[in-house]
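A.B. asks: Encoded as structure tokens, here's the structure I'll be asking about.
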Amino acid sequence: MKRKATLFIATAAASATALFAAGCSGSSSSSYSPGPYGSPVATSAVTPIAAARVAVGNTPLGRVVVDGSGRTLYLFEKDKNRRSACYGQCAKFWPPLLTPGKPLARAGAKQSLLGTTRRANGGQQVTYAGHPLYRYAQDQKPGQTTGQGLQLFGGGWDVLSTAGKKIESDD
């Protein structure tokens, strides 16, 4: 059984700002908007300044795909044909992993599985095994997988194995 979004309760504005700052490389500006359950969530316009790095990290779910800061990356089941279906409010909770150039594989990730897809605004989102990649705003430090199994914005969210397959858990 997948966890419901009821886990998504109030988050302090300061924590939200810190998690966005920690997970983003590049320049950003933050503002706040109400989350789907009334909690404030920092929104961020991020311009990446270096190629995104994708690696493998250890989590309670096993070895999963992570960003260059060690934060868990997720796939969105609603994405089709290597295209993102997460925009607007969705992208505020699930920031896409963006890159200005070819993404780089590090520490266990496979370069052959990395790619990009063009977002509606022209930005390049990193893909792994064809899945556009996202962070979860509530994951505040490396190794956290609090977004695993959530059903939000019309689809499920799952972490990826080193082979690029979704890992499903029974929470």
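All of the numbers you see were taken from the coordinates with simple rules; none came from a lab. Please read these numbers as outputs of a predicted model, since none were measured by experiment.
A.B. asks: Would you kindly work out the equivalent ellipsoid of segment 123-171 from its C-alpha gyration tensor and give its semi-axes, the square roots of five times the eigenvalues, largest first in whole Å?
C.D. replies: They are 17, 14, 13 Å, listed largest first.
A.B. asks: Sequence neighbours fewer than 8 away in the same chain don't count; with that in mind, list the aspartates and glutamates whose C-alpha is under 17 Å from Lys165.
C.D. replies: By straight Cα distance, Lys165 reaches Asp67, Glu77, Asp79.
A.B. asks: What list of ³J(HN,Hα) couplings, whole Hz, do you get for segment 65-73 from phi and the Karplus terms 6.51, -1.76, 1.60, once you set θ to phi - 60° and write x for glycine and proline?
C.D. replies: 6, 9, 7, x, 9, x, 7, 4, 10
A.B. asks: In terms of modelled amide H atoms, which long-range or inter-chain residues lie less than 5 Å from the amide H of Thr59?
C.D. replies: Val64
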